[in-house]
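Let me begin by handing over the structure; questions about it come next.
The values are calculated or read from the model by the stated rules, or taken from the named source; none is laboratory data. This structure is a prediction, so every number in the text was calculated from the model and none was measured. Glycine also receives a Cβ, built like all others from the backbone with ideal geometry; neighbour counts cover every protein chain displayed.
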Amino acid sequence: MAVTFVVVPQWQGSGSARAMQLVDGAEAILGDLPAASTRRIEVPLEAGDAEGTGILRHSSLRLVRERIEQELAELDGPAVLVGGDCGVDHAGVVRSAAGGPVALLWLDAHADANSPATSSSHAFHGMVLRALVEEGVVPADRVVLAGTRAWDDAEAEWARAAGVRTVDIEGLRAGDPLAEALAATGAARVHIHVDLDVLDPGELAGLDFPEPFGLSVAELVAAIGVAAQGRELAGAAITEFSPASPAAAGDDLGAILRIVGALARTAR
C-alpha cells in the first residue's frame, strides 16, 4: 500500500535555542518528496502560550495537532510524518493505535519520557513518549525504546516502573534483541518513530542535541527492516532535522532520504 508523507515544520515543541532551524529541515526534506503523495501542514508563526499546562507553547502545539489529526483522518493507508520536532508524531501514533494493537518503536538518543512536573526545559519534545503511554494511547508493554543514550533520572525511573522495553545501540546493531523486544509486544502492526539523533553525529550534521556513539545510516536502515519483518506498518515519523542553514541542509539530505525510503518500503 502506498504511503503518504505529511510534512509538519513545527518548531514550538523544541527546547533548542535554534528551534526555528527545524522549519528549514522540514522544508528541505519536503523539496525531495514526491509531490503527488505529500501533504504539508501549516504551522503558526507565533510561539504560543503554555495555557497553564507546564508545556511551553502549548496553544500552538494543540492547534498543529488538531490540523495533523484532520489531515490524517482523510488518508487511507500508512502516513509518514516528517517534522519538525518529534512532538508532531503524537497525532501519528494516535492514528496508528486507533487501528488496533500496535507496537511502538521509538528510535531516539533521548527517552522523551519526562512530564511537565519533571522536565527542566518544559519543552514537549522531551515528553512525547511518556504522554502517549500515560494518556492510554499505547500501553507501556507495547513500547520499545531503542538507541537511547541520554537519560534524565526521572525518565529512567518512569521507564522502569512502567515496564517499557529498551534496546541499546549494540542490541540494534545485532538485530536479534530488537526483534525479540518487538515480538514480546504481541502486536502484528508497528509504528516506527525516528528521531534523527539516534544516529551518530558523524553521520548527520543537522542535529540540535547530538549524542555520541549512535547508529550509522546503514545500521538504522537495517533496524527499520528488522522492525518491519512480518509486521504491517501502521505509521511512521522522521523528526528533528535541524540544519545550520537552508544551504547546509543539502549535505545531510542524501542520508535522510535513505531513511525516508526505508520507512516507505516497509509499507509495501
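Scan the stretch 174-186 and tell me whether some residue there is part of a loop (DSSP other than H, G, I, E, B) and crowded, with 21+ Cβ neighbours inside 10 Å.
Within the stretch 174-186, one or more residues are part of a loop (DSSP other than H, G, I, E, B) and crowded, with 21+ Cβ neighbours inside 10 Å.
Another question, then. Which is out of contact with any Cys (no Cβ under 8 Å at 6 or more places or on another chain), under 27 Å from Ala247 (Cβ atoms) and at pLDDT 95 or above, of Ser14, Ser59?
Ser14
Can you tell me how many residues in the stretch 59-118 are part of a helix (DSSP H, G or I), touching a residue at least 24 places away in the same chain (Cβ under 8 Å) and hydrophobic (A, V, I, L, M, F, W, C)? Can you show your working first?
Here is the first cut: in the stretch 59-118, the residues part of a helix (DSSP H, G or I) are 59-73, 86-98.
This time we only want the ones that are touching a residue at least 24 places away in the same chain (Cβ under 8 Å), so: 60-61, 64-65, 67-69, 71-72, 86-97.
This time we only want the ones that are hydrophobic (A, V, I, L, M, F, W, C), so: 61, 64, 68, 72, 86, 88, 91, 93-94, 97.
Matching residues across the stretch 59-118 total 10.
For the stretch 207-214, check the following and say yes or no: at least one residue is touching a helix residue (DSSP H, G or I) at 6+ places or on another chain (Cβ under 9 Å), surrounded by fewer than 21 Cβ atoms within 10 Å (Cβ to Cβ) and more than 23 Å from Asp152 (Cβ to Cβ).
Within the stretch 207-214, not a single residue is touching a helix residue (DSSP H, G or I) at 6+ places or on another chain (Cβ under 9 Å), surrounded by fewer than 21 Cβ atoms within 10 Å (Cβ to Cβ) and more than 23 Å from Asp152 (Cβ to Cβ).
Now a separate question. Here is a list: Pro116, Pro101, Pro139. Which entry is of a type outside the set (A, V, I, L, M), more than 16 Å from the chain's Cα centre (by Cα) and surrounded by fewer than 15 Cβ atoms within 10 Å (Cβ to Cβ)?
Exactly one residue qualifies, and that residue is Pro101.
Condition first: farther than 18 Å from Leu22 by Cβ and of a type in the set (D, E, K, R). Now tell me which residues in the stretch 82-133 satisfy that.
Arg95, Arg130
Of everything in the stretch 17-49 that's assigned to a helix (DSSP H, G or I) and of a type in the set (Val, Ile, Thr), which residue is farthest from Ser242 (Cα to Cα)?
Ile29
Within the stretch 59-90, track down each residue that is over 13 Å from the mean Cα position of the chain (by Cα) and of a type in the set (A, V, I, L, M).
Listed by number, the residues that qualify are Leu61, Leu63, Val64, Ile68, Leu72, Ala73, Leu75.
Hey, does the stretch 149-159 have a residue that's over 30 Å from Ala47 (Cα atoms), surrounded by fewer than 24 Cβ atoms within 10 Å (Cβ to Cβ) and among the basic types (Lys, Arg)?
no
Which of the residues belonging to the stretch 1-49 are touching a Phe, Trp or Tyr at 6+ places or on another chain (Cβ under 9 Å) and among the β-branched types (Val, Ile, Thr)?
Correct list: Val23, Ile29, Thr38, Val43.
Return the residues of the stretch 187-221 that are part of a helix (DSSP H, G or I) and either out of contact with any Asp or Glu (no Cβ under 7 Å at 6 or more places or on another chain) or not β-branched (Val, Ile, Thr) (or both); say none if nothing qualifies.
The answer is Leu196, Asp197, Ala218, Glu219, Leu220, Val221.
Another question, then. Condition test on Ala236, is it surrounded by 15 or more Cβ atoms within 10 Å (Cβ to Cβ), in a helix (DSSP H, G or I), touching a strand residue (DSSP E or B) at 6+ places or on another chain (Cβ under 6 Å) and at pLDDT 95 or above?
So Ala236 fails the test.
Could you please give the count of residues in the stretch 202-217 that are free of Cβ contacts under 8 Å to residues at least 40 places away in the same chain and of a type in the set (A, V, I, L, M, F, W, C)? Give the steps one after another, and end with the answer.
So the first thing to find is which residues in the stretch 202-217 are free of Cβ contacts under 8 Å to residues at least 40 places away in the same chain, and the list is 202, 207, 216.
Filter again for of a type in the set (A, V, I, L, M, F, W, C), leaving 207.
Residues meeting the conditions: 1.
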